[in-house]
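These notes are about the structure you will find just below.
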Amino acid sequence: MPDTALFTVGVFQDAAWAAKGLDALKKAGFPPDVLTVMSKDTPDAAALIDRTVGVPPERLDVAGVGPLVARGRLVDALQGSARDLGALGIAAAMRRVGFQPHDGRIFETLVGRGGVLVAIKSDPRAADALAILHSYGGGNAAIGAWTGRV
């Protein structure tokens with residue numbers, strides 16, 4: 001399994017809810033460089049990404065969703081060496097990071113409806129990240145390819 005394979009992912013209903021979850025993750029000690037934010041291209045989402053990771057968002061046109069703003073390690077992993085996230089779409093690309101096809105379709109659908117996907121590169125603390133996402137409204141939160149202890 002490649003180093004990029006373990007992410008904890010959840011989708012918040014909007015940028016305001018995502019901000020609460022991201023603040024909780026930061027307070028729990030997750031640094032900005034392990035966080036990813038992906039959303040439809042809106043001013044609120046772009047500002048959230050800039051505030052969260054400290055750099056302006058990348059703008060992508062993604063199959064099945066349309067124009068997105070995104071930044072973080074998950075984006076790099078989903079792009080792959082061919083930089084083909086736009087052509088593949090979120091659903092197909094999520095297999096690269098250990099999620100089942102049905103999880104990818106759920107994430108793609110929720111982002112397409114205006115949800116904000118938050119991901120954490122979280123191998124040693126995947127369960128902590130999952131608990132925080134659930135606690136703050138991160139729907140369909142899951143850990144990709146988790147082989148840790150229960």
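The values are calculated or read from the model by the stated rules, or taken from the named source; none is laboratory data. What you see is a predicted model, and the numbers here were worked out from it, not measured in a lab. Here the Cβ is made from the backbone with ideal geometry for all residues, glycine too, and neighbour counts use every protein chain on show.
Among the residues of region 26-53, how many are in contact with a Lys or Arg (Cβ under 9 Å, 6 or more places away or on another chain), of a type in the set (A, V, I, L, M) and surrounded by 14 or more Cβ atoms within 10 Å (Cβ to Cβ)? It would help to see each step written out before you state the result.
Step one: filter region 26-53 for residues in contact with a Lys or Arg (Cβ under 9 Å, 6 or more places away or on another chain), giving 28-30, 32-38, 40-41, 46, 49-50, 52-53.
Next, from what is left, pick out any that are of a type in the set (A, V, I, L, M): 28, 34-35, 37-38, 46, 49, 53.
Checking the rest, the ones that are also surrounded by 14 or more Cβ atoms within 10 Å (Cβ to Cβ) come to 34-35, 37-38, 46, 49, 53.
Number of matching residues: 7.
Taking the condition of being small (G, A, S) and outside any helix (DSSP H, G or I), how many residues in region 1-49 meet it? Give the steps one after another, and end with the answer.
So the first thing to find is which residues in region 1-49 are small (G, A, S), and the list is 5, 10, 15-16, 18-19, 21, 24, 28-29, 39, 45-47.
Adding the requirement that they be outside any helix (DSSP H, G or I) leaves 10, 28-29, 39.
Residues in region 1-49 being small (G, A, S) and outside any helix (DSSP H, G or I): 4 in total.
Tell me, which residue of region 128-150 that is buried (at least 21 other Cβ atoms within 10 Å of the Cβ) and part of a loop (DSSP other than H, G, I, E, B) is modelled with the lowest pLDDT?
Going through the qualifying residues, I end up with G144.
Mind telling me which of the residues D84, D23, D14 ends up being out of contact with any Gly (no Cβ under 6 Å at 6 or more places or on another chain), at pLDDT 95 or above and either surrounded by 20 or more Cβ atoms within 10 Å (Cβ to Cβ) or over 24 Å from R125 (Cα atoms) (or both)?
Unique residue meeting the criteria: D14.
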